[in-house]
Structure formats: C-alpha cells, structure tokens
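Here the structure is laid out as structure tokens; the discussion comes afterwards.
The values are calculated or read from the model by the stated rules, or taken from the named source; none is laboratory data. In this text the structure is predicted, and so the values were computed from the model without any measurement. We place every Cβ from the backbone using ideal geometry, glycine too, and count neighbours over all the protein chains shown. Keep in mind that these areas ignore ligands, DNA and RNA; they rest on the heavy atoms of the full protein, side chains included. Shrake-Rupley method; radii C 1.70, N 1.55, O 1.52, S 1.80 Å.
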Amino acid sequence: MKRFAIAVDGPAGSGKSTVAKLVAKRLGIIYVDTGAMYRTVALFCTEKGIALADEAAVVAALADLQMKIVPEEGGQRIFLNGRDVTAEIRTAEIGKGASTVAAYRQVRARMVELQQEMAREHSVIMDGRDIGTVVLPDAEVKIYLDAGVEERARRRVGELQEKGETADFEEIKKMILERDYNDMHRAHSPLKRAADAVSLDSTGMGIDAVLHAILDIVAERVKEK
C-alpha cells in the first residue's frame, strides 16, 4: 500500500489522541500526537521560568530546546533535551500553556517542520488543531472530531483521576472553554474544520464506535494500489 496520511482535528477532550492511537495500531501506521509537541515547549519554558505570555522570550528559548519524537507501537515518546517527558507534559496546566505557545507563529513553524518530516517518511495519523488545514493539507483522510463540552470535561477529569491527580469538573470545563476560544481565535492556524474533512460528533459514543466509524471513513478514502 502506498504511503498515506490521516489528519484528525478537533477541540480539547474530543478523544482525538485516544482514538488516533487505536487507529494507528489497527492499521500498522505511525501515530503523531502534535499536541504533545506544543506541551513540550510549554513545559520547557515553564521550567526555565519563562512567562508563556511573552512571545519573544518563548521564541528565543527555542534555540535551547532539542525535541526528539520516538515512534512506538500505539503512540510515541517525547524527549526534551535528552529527557523523557512523555508523562510530565500531561497535566491540565501544561495543556493550557500549550494553547498559549501554539498561538505563536515561529513556534508553530518549528513544530510543523517536524510534523511534515514524519509524514514524508511514514504513513501517519496525526491529531491536533490544524492538521488538515495547515500541516497536511493533502492528507488522504481528514476528520473533524468533536463532542459536547460537558462530555469533554468528564473525559478529561477521568483521565486525570486515573493518573492519581485531583480534578474539579467545573474548573476543567472552564479551562476547556478557554482553550476552545484561544484555539479558534488565534491569529495563526486557528482550529477549524477543513472543507474536505468528515465531521464526526463523538458525544454519547463509546471508543469502539468512534474507532470503527473512523476505520470505515479510512477504508472509503484510502485505496490499495
């Protein structure tokens, strides 16, 4: 089968990463969690004491940031200057910071270069905010995955509790709404559905149902040659 790309976009908590990992495993392709890359930038700046709202300082810090993405079955590991930070970047606060730094043009340019390089070398499924519109505009499959904000907040709370972290539903819901606004209204590469993307609302759907819905879409659009 020829190399192909699947782009999955959507707001925070819509289930993109969870289902993309399952699709990658089922199809034997590489999963690229682009959000993890922006989370890594946010973590790096936070540890360095750099204010995430200071665009110039964040961009300047990129010169000292070395990021390595190591694909593995069902996902990837992220290394920051040689240190595995795959687990450390998964806090709600770092997620909020990721939304801030992702709005900066030069940060996005650096990350997009890495993402496109992976797509040139492998069949991939990528999830994020601008995959189908900016990163992989020629992807064979584009999906816009959404869910109601109440459900997205419940999912995020569950994820954090599974990791032993305390999580307040109303606070998480507020953070998700703030991130939605930031992602949709940023000046560079805002979150939006690509014109040729298939919309899929996962509200009330179990993960298996979402997985099979996406696999059906892929089967229709990717033909073996």
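A few comments on the model shown:
- Tally of residues being in contact with a Lys or Arg (Cβ under 7 Å, 6 or more places away or on another chain), open to solvent by 70 Å² or more (accessible area, probe 1.4 Å) and small (Gly, Ala, Ser) across the range 194-225: 1
- Exactly one residue out of 153, 219, 197 is aliphatic (A, V, I, L, M) and without any contact (Cβ under 8 Å) to a residue 24 or more places away in the chain, and it is 219.
So that you can scan it fast, the table gives a plain yes or no per residue for (1) over 24 Å from residue 10 (Cβ atoms); (2) out of contact with any Cys (no Cβ under 8 Å at 6 or more places or on another chain); (3) of a type in the set (A, V, I, L, M):
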site: 31; (1), (2), (3): no, yes, no
site: 34; (1), (2), (3): no, yes, no
site: 55; (1), (2), (3): yes, yes, no
site: 59; (1), (2), (3): yes, yes, yes
site: 79; (1), (2), (3): yes, yes, no
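- Failed condition for residue 55, given (1) among the acidic types (Asp, Glu); (2) more than 23 Å from residue 166 (Cβ to Cβ); (3) without any contact (Cβ under 8 Å) to a residue 24 or more places away in the chain: (3)
- Remark: residue 191 falls outside the filter, which requires a residue to be open to solvent by less than 20 Å² (accessible area, probe 1.4 Å), in contact with a Leu (Cβ under 8 Å, 6 or more places away or on another chain) and of a type outside the set (Phe, Trp, Tyr).
- Per the listing 178, 159, 165, the residue uniquely within 20 Å of residue 92 (Cβ to Cβ), outside any helix (DSSP H, G or I) and of a type outside the set (A, V, I, L, M) is 165.
- Matching residues in the range 119-154 - criterion: being of a type in the set (A, V, I, L, M, F, W, C) and either assigned to a loop (DSSP other than H, G, I, E, B) or in contact with a Lys or Arg (Cβ under 6 Å, 6 or more places away or on another chain) (or both): 136, 139, 141, 145, 147, 153
- Yes/no for residue 102 being open to solvent by less than 60 Å² (accessible area, probe 1.4 Å) and over 15 Å from the mean Cα position of the chain (by Cα): no
- Selection within the range 43-60 - of a type in the set (A, V, I, L, M), over 17 Å from residue 114 (Cα atoms) and in a helix (DSSP H, G or I): 43, 56, 57, 58, 60
- Residue in the range 160-183 that is surrounded by the most Cβ atoms within 10 Å (Cβ to Cβ), counting only those that are under 17 Å from the mean Cα position of the chain (by Cα) and free of Cβ contacts under 8 Å to residues at least 40 places away in the same chain: 177
Per-residue answers, yes or no, for (1) crowded, with 24+ Cβ neighbours inside 10 Å; (2) among the small types (Gly, Ala, Ser); (3) within 20 Å of residue 78 (Cβ to Cβ):
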position	(1), (2), (3)
4	no, no, no
19	yes, no, yes
27	no, no, no
39	yes, no, yes
51	no, yes, no
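This table checks each residue for (1) touching a Ser or Thr at 6+ places or on another chain (Cβ under 7 Å); (2) of a type in the set (A, V, I, L, M, F, W, C).
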| residue | (1), (2) |
| --- | --- |
| 123 | no, no |
| 134 | yes, yes |
| 141 | no, yes |
| 150 | no, no |
| 185 | no, no |
